[in-house]
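Enquirer: Supplied in structure tokens, the structure appears directly below.
The values are calculated or read from the model by the stated rules, or taken from the named source; none is laboratory data. The shown structure was predicted, so the numbers you read here are calculated from the model rather than taken from an experiment. Virtual Cβ from ideal backbone geometry, glycine too; neighbours counted across all protein chains shown.
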Protein chains: 2
Amino acid sequence: MRSKPTILKLGGSVVTKKEKLFTPNKRAITRLVKEIKFASVESLLVIHGGGSFGHPVAKKYRITEGFKDPSQIMGFSKTHQAMVSLNKLILDTLIQEGIPTMTIQPSSLVITDNGRMQHMDIKIVSRLLELEIIPVLYGDVVLDSVQGFSILSGDQLVSSLAIKLGADRIILGIDVDGLYTSDPKIDPSASLIQHINLQELKNLQYKIGEAKVPDVTGGMRGKILELIPAIEQGIKAIIVNAVKPNNVYRALKGEKVIGTIIKKGDKVA
Amino acid sequence: MRSKPTILKLGGSVVTKKEKLFTPNKRAITRLVKEIKFASVESLLVIHGGGSFGHPVAKKYRITEGFKDPSQIMGFSKTHQAMVSLNKLILDTLIQEGIPTMTIQPSSLVITDNGRMQHMDIKIVSRLLELEIIPVLYGDVVLDSVQGFSILSGDQLVSSLAIKLGADRIILGIDVDGLYTSDPKIDPSASLIQHINLQELKNLQYKIGEAKVPDVTGGMRGKILELIPAIEQGIKAIIVNAVKPNNVYRALKGEKVIGTIIKKGDKVA
């Protein structure tokens, strides 16, 4: 029987240099592509974020606010194209390493409803997985039936596709080691949470909600909020630091790795 | 009332240098983008071909034959990515000129049935046209329910989208002046057909059928075969030489231009 798919999210802060506009982190992309290659997971889908490509343009044109005035139209166009640039670089790198892959452009097939994806036809994605072609999606600007257009974040895609595809697990590759008991950037006593269950995660969410580190698609709080529906379906999630070499490889191989494992029913620690 | 859309096809031999692998015709692309800009058509959809990007890779991996062996999988991936490269260049040029545009990736939303598109959801394309964002599509490799994968030619997309969108007209920009009474490359007495009706076109098709100039998506014969369903729906088509400056501009503006006008019901000449 074919194995259930693994969903790998590569954060925008991992594949780009967040502080420099339109600057990919080529070294990280090349390394992560090799980690994907050597892990050789049978059924893998990759989703990446926008980082310094999508976010600054989306912000400049206030895309998340929806269509308010015609000057935003060019911004819609530019935000998407920025994502295309980043996505193309990732796909080129995968293909160079001999990995069969194809982008699935979210804005080609999703119209959101007030920023939320109600429906996505997964026939093509499923068929690609069957052919062992890695589908790659990304956070994108999309048309929205209520507000004209919106942003469909990579994190929303992760959870949604994991559920629709009956994924085995989600691997979130971000730029910190995982979830902490509090914000490690401001609290020196913060410690890494290695295992957490759904109930604990929901409790934690309120604490994280107090942090003041938002980005246009939500910061860590947004990520967790998006993850919850998938965890509720029994899908396991692992958060690892993808900036550090071999963590994504280890997570893909199912090996022990520093990070946060989130399961629906783990015993409360 | 909003005007009916115009479908502009830019042939692969126009936007690329056919004889050199992966070589865009940047000068032609820049010029055509400016022609599109200055014509300023209210509702425009653009489709481009593959030329030296898609065709050689598709041919090498025998994509039109469908999925026969696993070695083709990498070719599927590479053919699509070659089209992405060309498409990105065209979109970047449009955006640079301040034209709002967005690619709609055919392989993201179409599965063919033995090489033929049975269904395509045009909701997103229609909505982009309403927002005066130019949707750009291209000949692409797509999954196929019968043969695994296939090529969905730009010409098939042209006719199909023209019908679904209730287009006003189709402008085909190719590398010759239009349809001829016989092949001008081998017959010096060949003369340009300036007007032709559906019945005459159908008759002509058999003559063109004898020509031996096929490409992976069909040569001139293929183009005409694809056009017929749209002409039957009363959509006018104009074939112009897009290699020569201002022809596309004139056609877009509805001005007199050297080329072939195809209408369903024109009187027999």
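Enquirer: Could you check the stretch B:239-269 and list, in sequence order, the residues that are buried (at least 23 other Cβ atoms within 10 Å of the Cβ) and either in contact with a Gly (Cβ under 6 Å, 6 or more places away or on another chain) or among the aromatic types (F, W, Y) (or both)?
Expert: Selection gives B:I239, B:V240, B:A242, B:V248, B:G259.
Enquirer: Over 25 Å from A:V57 (Cβ atoms) and in contact with a Leu (Cβ under 9 Å, 6 or more places away or on another chain): does that describe A:S126?
Expert: Details: over 25 Å from A:V57 (Cβ atoms): yes; in contact with a Leu (Cβ under 9 Å, 6 or more places away or on another chain): yes.
Considered against the rule, which asks whether it is over 25 Å from A:V57 (Cβ atoms) and in contact with a Leu (Cβ under 9 Å, 6 or more places away or on another chain), A:S126 comes out as yes.
Enquirer: What are the residue pairs meeting all of these: first residue in the stretch A:129-150, first residue farther than 23 Å from A:L172 by Cα and hydrophobic (A, V, I, L, M, F, W, C), second residue modelled with pLDDT under 95 and not in a strand (DSSP E or B), Cβ atoms under 6 Å, and 6 or more apart or on different chains?
Expert: Pairs that qualify, where the first residue is farther than 23 Å from A:L172 by Cα and hydrophobic (A, V, I, L, M, F, W, C) and the partner is modelled with pLDDT under 95 and not in a strand (DSSP E or B): there are none.
Enquirer: Could you check how many residues of the stretch B:1-49 are within 14 Å of B:V136 (Cα to Cα), part of a strand (DSSP E or B) and not charged (D, E, K, R)?
Expert: Residues in the stretch B:1-49 being within 14 Å of B:V136 (Cα to Cα), part of a strand (DSSP E or B) and not charged (D, E, K, R): 9 in total.
Enquirer: Among the residues of the stretch A:99-123 satisfying the criterion of being in a loop (DSSP other than H, G, I, E, B) and facing chain B (nearest Cβ under 7 Å), which is farthest from A:F22 (Cα to Cα)? Let's see the steps before the verdict.
Expert: The first filter runs over the stretch A:99-123 and keeps only residues in a loop (DSSP other than H, G, I, E, B), leaving A:99-100, A:104-105, A:110, A:114-115, A:118-122.
Next, only the ones that are facing chain B (nearest Cβ under 7 Å) stay: A:100, A:104-105.
Details: A:P100: 26, A:I104: 21, A:Q105: 19 Å.
Per the stated criteria, the residue is A:P100.
Enquirer: Let me ask something additional. Which members of the stretch B:124-157 meet the condition of being within 11 Å of another protein chain (Cβ to nearest Cβ), within 20 Å of the chain's Cα centre (by Cα) and among the hydroxyl-bearing types (S, T, Y)?
Expert: Listed by number, the list holds a single entry, B:S126.
Enquirer: Could you tell me whether A:L91 is assigned to a helix (DSSP H, G or I), crowded, with 22+ Cβ neighbours inside 10 Å, within 8 Å of chain B (Cβ to nearest Cβ) and not polar (S, T, N, Q)? Give the steps one after another, and end with the answer.
Expert: Working: assigned to a helix (DSSP H, G or I): yes; crowded, with 22+ Cβ neighbours inside 10 Å: yes; within 8 Å of chain B (Cβ to nearest Cβ): yes; not polar (S, T, N, Q): yes.
Taking the combined requirement at face value, the residue satisfies it.
Enquirer: Can you tell me which condition B:E65 does not meet? The list is (1) at pLDDT below 95; (2) within 14 Å of chain A (Cβ to nearest Cβ), and all the others hold.
Expert: Every condition holds for B:E65 apart from (2).
Enquirer: So how many residues does the stretch B:176-194 have that are modelled with pLDDT of 85 or more and surrounded by 14 or more Cβ atoms within 10 Å (Cβ to Cβ)?
Expert: Adding up the residues that qualify gives 7.
Enquirer: Return yes when B:T103 is touching a residue at least 40 places away in the same chain (Cβ under 8 Å) and in contact with a Lys or Arg (Cβ under 9 Å, 6 or more places away or on another chain) and no when it is not.
Expert: On the way: touching a residue at least 40 places away in the same chain (Cβ under 8 Å): no; in contact with a Lys or Arg (Cβ under 9 Å, 6 or more places away or on another chain): yes.
Spelling it out, it is not the case that B:T103 is touching a residue at least 40 places away in the same chain (Cβ under 8 Å) and in contact with a Lys or Arg (Cβ under 9 Å, 6 or more places away or on another chain).
Enquirer: Right, next: Give just the number: which of (1) over 30 Å from B:F38 (Cα atoms); (2) among the hydroxyl-bearing types (S, T, Y); (3) touching a strand residue (DSSP E or B) at 6+ places or on another chain (Cβ under 9 Å); (4) more than 7 Å from chain A (Cβ to nearest Cβ) does B:S77 not satisfy?
Expert: Every condition holds for B:S77 apart from (4).
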